[in-house]
Each structure stands twice: as C-alpha cells, then as structure tokens.
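Everything below concerns the one structure shown next.
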C-alpha cells in the first residue's frame, strides 16, 4: 500500500528568510510546494489543494430554570475570507499516475483576495485562521491529509490624520463621606495621538487636582478588550496590559504629569473590520475618589502595524524594519517590575455594566496572554524613547500651557 511507501508528506511555504515563517496580507501571492517522498514506486489518483480562511466564534452558556432544571445555550457564527481549490496532480483521462521512488515536489501558487482581510487571531471564544490543506488520493487506501496554517497581518498605518490627532479631556467628581460632600477631584489629561505601535512609549500629560482632605493616587492603564459576537449576543474578555502609577496626591494638593511614560507591550494589532471578532485598546487615566466610584478619562487607542514616520513626531521611537518573532505570536509580555492588576481593580462593577450589555467576569493578564497562539503582530526594533523630565523647571498653570504640549 502507498501508506507504507509514503516516507514524507509536507507543505512548505516560500519564505524570503530562512527559518522565518512568511507573513501575508490582502492581495499577496501565497506560494510553496507539496513534498512527497516515496520509498518505492506507487500509484496515485490525485493530489488536491484547498486554501481556506475563516473567522469563527463559539461559546456556551448554562441557564437555570427553577431549582433542578437547567439548559445550555450555544452561540456560534463564522465569516469566510478565503476559499480556493487547486488540483496539483491528476491524470486527464482519470487513470492512475505512477510515481517512482524518491522525492517529488508539486509547486502551488494562489493570490489572496484583494479586498481587506482580517489579521490572524486566536482567542478564548473565537479565532481568525488561514490554512492550506492538501489531500492525497490513492487506490485502495484512505485519503491522506495534511494541513498547515499561515499568517495574515492586515496593515494598519498610523500615519493617517485620524490616528495622528491628539486626544484630550477633563473630568471632575465630588467626593462624599457619609452622604456629605467633602470636596472635588478633577483630572485633565492629554496624549499626542490615537495610533501607536507595540513597543512605543505613550507620554501622558495630565493634572490631578485634589480639593478634598484625603489623599488620592493617580494611575494610568492600557486595557485590551476582545469582543465576540454571535446571534445578536456579545461576549467580552478584558485585560490590563500595561500600568503606570503616579505619586500620592495629598489633600488640597495638585499633581502634574509632564509626559509620564507608559510603554506598550508586544500586543496584537487592533481588529476593527471583522463582523464577529473585535480587538480594541483603551488608555484610562484615573484616580480613586473617596466615597464614590473611580474618576477616569478614557482615550481609545488603535494598535497599528506600520510605525510612525521618523519625521512625523518626536515621540516616534520605532523603525520601519520589522520581523516576526515567535514570542510575539504567543503575545508574551516582557518582564516587568510588577504584573498588571486585575481588570476589576481598574473598572468598578457599575462601570462594567454600563460599558457592555454582557461582559464576563474580569480576568487577569495571564489568562489572555498565555495561549498557544494569539494575535500575530510585528516586532519593531526600538531606539530609546526621549527623556521626559518629571519636574517642570518653569512651572505654570495647566490651563495656560500651549496647546501642542509635545513641542
């Protein structure tokens, strides 16, 4: 039987670099070869290739109805992005093909759709995957199958006006003790832009005005939200991926951040164009207000794959050169002085309910980032970020500072 004679059956993608898996985007040509190695002469009916790409979500929810009756509800959906078939070996007259002993290679090549694809992703309740599957048909034997996934990274260029515009905001809240007002706490903050790439540093400009008699601690967080959608129902998974903790602000005092740096870890790019899976990021600048919920400012972030042009801003610290790093594929987080806190420590239960119609219990960072295959991202070789002084040599009221605070 050919099964006994088949020593090797493999799919090898063409790659510009040795030992480096290729990365594709919409419109690219995927090429490679199927390798057959036989120990003796064998007969083959056909060798067929099938390239596929899908976004899929699935989860179950158990609901109780009374004291003893329960049922499970399934939610699932999928979106097809690629479906291409190709015959690599088959006789025109339907007869068998006799292959001699030794190595046989069958090249393949196909173009990905021109329309925008979605970046490869792997999450708890869904995935976005692309693969090539090859079937070897032979007489009097079961079909031999082999499957190999490939990576798609859809470029996100942060050098666009909408992603380069600065973000700023102000919020205030009254602090209460036993239903008595004891003063006001306010936050005014700004960041340079909306679009960033992993590895960059975000300088945070902020002022915290504490008019109460109690101390508060200003903080900043970068959070990731994965959203899975099926049958009109939404499932969300959130995690804190980076933190910044400021100095304690005493009663009736004010604290100013002159570009306090928070570094973006090697997370996956934003996924915003998929109907059933989304990956979004947010920078939250907040303080705990005595007697009430957190006071926070939220700035949406877009994690891109094409870094800021060197002349676009002095905050650019990434090169246009990149490569794929296996640790990034696992979304491994580099060593930090302390792990990020749970999401529950950033957002109160009241805020979580307001932010989503259906949000799962908050989970820590390790639950999201230690999977076998997470979102594929690019590695950027970094130069050291610019140094920002934490003490302004020429202090002035926050409202009187120039609008372009990075100049």
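The values are calculated or read from the model by the stated rules, or taken from the named source; none is laboratory data. As the structure is a computational prediction, the values presented were derived from the model and not from experiment. For neighbour counting, all protein chains shown are included, and Cβ atoms are generated from backbone atoms with ideal geometry for every residue, glycine included.
Set side by side, the residues 144, 124, 135 differ, and just one is surrounded by fewer than 21 Cβ atoms within 10 Å (Cβ to Cβ), in contact (Cβ under 8 Å) with a residue 12 or more places away in the chain and within 31 Å of the chain's Cα centre (by Cα), which is 124.
The sole residue among 85, 129 that is farther than 19 Å from residue 6 by Cβ and free of Cβ contacts under 8 Å to residues at least 40 places away in the same chain is 85. The set of residues from segment 210-220 being more than 18 Å from residue 242 (Cα to Cα) and surrounded by fewer than 22 Cβ atoms within 10 Å (Cβ to Cβ) comprises 211, 213, 214, 215. For residue 141, which of the numbered conditions (1) in a strand (DSSP E or B); (2) not assigned by TED's automatic domain parsing to the domain that holds residue 266 fails to hold? Evaluating residue 141 over (1) in a strand (DSSP E or B); (2) not assigned by TED's automatic domain parsing to the domain that holds residue 266 leaves (1) as the failure. Cβ-Cβ contacts under 8 Å between residues 6 or more apart (or on different chains), taken from a first residue in segment 4-17 that is more than 20 Å from residue 41 (Cβ to Cβ) to a second residue that is crowded, with 16+ Cβ neighbours inside 10 Å and modelled with pLDDT under 95, are listed as 13/22; 14/22; 15/22; 16/22.
The test for being surrounded by fewer than 17 Cβ atoms within 10 Å (Cβ to Cβ) and either touching a helix residue (DSSP H, G or I) at 6+ places or on another chain (Cβ under 8 Å) or assigned by TED's automatic domain parsing to the domain that holds residue 33 (or both) does not hold for residue 171.
Return a yes/no flag: does segment 269-290 have any residue that is touching a helix residue (DSSP H, G or I) at 6+ places or on another chain (Cβ under 9 Å) and either modelled with pLDDT under 95 or not in a strand (DSSP E or B) (or both). Don't jump to the end; show me each part of the working.
Initially, segment 269-290 is screened for residues touching a helix residue (DSSP H, G or I) at 6+ places or on another chain (Cβ under 9 Å), giving none.
Checked segment 269-290: no residue is touching a helix residue (DSSP H, G or I) at 6+ places or on another chain (Cβ under 9 Å) and either modelled with pLDDT under 95 or not in a strand (DSSP E or B) (or both).
Quick test for you: out of 229, 248, 202, pick the one residue that is surrounded by 23 or more Cβ atoms within 10 Å (Cβ to Cβ) and under 33 Å from the mean Cα position of the chain (by Cα). On inspection, the qualifying residue turns out to be 202. Out of the residues in segment 80-104 that are loosely packed, with under 12 Cβ neighbours inside 10 Å and within 18 Å of residue 33 (Cα to Cα), state the one that is farthest from the chain's Cα centre (by Cα). Step by step, filter segment 80-104, then rank; the result is 103.
Considering segment 209-226, the residues that are part of a strand (DSSP E or B) and over 29 Å from the mean Cα position of the chain (by Cα) include one that is nearest to residue 289 (Cα to Cα), namely 216.
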